[in-house]
Amino acid sequence: PGTDAVRIQYYLNSTSSAELAYKPGKHSGETILAGLYRFNKGSYDIQLLSGMMNNDLVIGGGWSGTLGQTGFNGEITSFTPLKHFQLSKTILSASAGINYTFPNSLYLHGAYLLNSAGILHADSLTANLLLNNVSAKSLSPSRHSLFVESAFQFTPLIRGDLAGIINPSDGSFFAGPFITFSLTNSMELLTGGQLFFGKMNSLYGGYEKIILLRFKWSF
């Protein structure tokens, strides 16, 4: 949304499609050209992509399917600079996760995320961590991240969610607990927090804990 671009989609059949997108730029570093191919194989939806984005050659793919009753999904993308082309400067972003929903509505999700250009040692980030723009090349500030999430519908009107990100390199972690109350058909109250834990020189240790309250009225 908000991008001046051209996008073409072609549906080969009910489970396969191909598309091409092009966004021109005033300079070569602002041009984006990419292609995507989606198809189904057994119980898995698979996609492959390739293109050029901001002077990077991008190649990647992803999958989403099931292992028995457990959801299994992931993706991997490489970004190689086109200027002074060197494979050694390739940045790799990859993730893989599983999820499961119990009959009582308890939802569990766990995933691993790799950012080859991320921080490995116990280095504190800048104070504007929460304001940084996230890009496909930097989905996480750390080299390795473990993501865990759970959700439960306590009653038809009350839902709880708890998510966390752990940096295994220094043991610091982030936790985001939230509880949603449905007050009426059009009013909702959400309370929760963004909590950081760890030593001061660790990835997530140098931040305060944020508690928030949100009232939502739909009309």
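The values are calculated or read from the model by the stated rules, or taken from the named source; none is laboratory data. The model shown is predicted, which means the values in this text are computed figures rather than measured ones. These accessible areas exclude ligands, DNA and RNA; they are computed on the full protein's heavy atoms, side chains included. Shrake-Rupley method; radii C 1.70, N 1.55, O 1.52, S 1.80 Å.
Data overview
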read-out: For residue 56, solvent-accessible area (1.4 Å; no DNA, RNA or ligand), Å²; value: 10 Å²
read-out: Heavy atoms of residue 166 accessible to a 1.4 Å probe, total area in Å² rounded to 10; value: 60 Å²
read-out: Accessible-area order (highest first, 1.4 angstrom probe) of the listed residues 190, 139; value: 139, 190
read-out: Calculated P(r) tail over 22 Å for the chain, as whole % of Cα pairs; value: 65 percent
read-out: Accessible carbon and sulfur surface of the stretch 1-114 relative to its total accessible area, %, 1.4 Å; value: 62 percent
read-out: Note, ³J(HN,Hα) from phi for the stretch 151-162, Karplus 6.51, -1.76, 1.60, rounded to Hz, x at Gly and Pro; value: 8, 8, 8, 5, 9, x, 10, 10, 10, x, 9, 9
read-out: Residue-level accessible surface for residue 154, protein heavy atoms, 1.4 Å, Å²; value: 130 Å²
read-out: By accessible area with a 1.4 Å probe, ligands and nucleic acids excluded, highest first: order of 217, 63; value: 217, 63
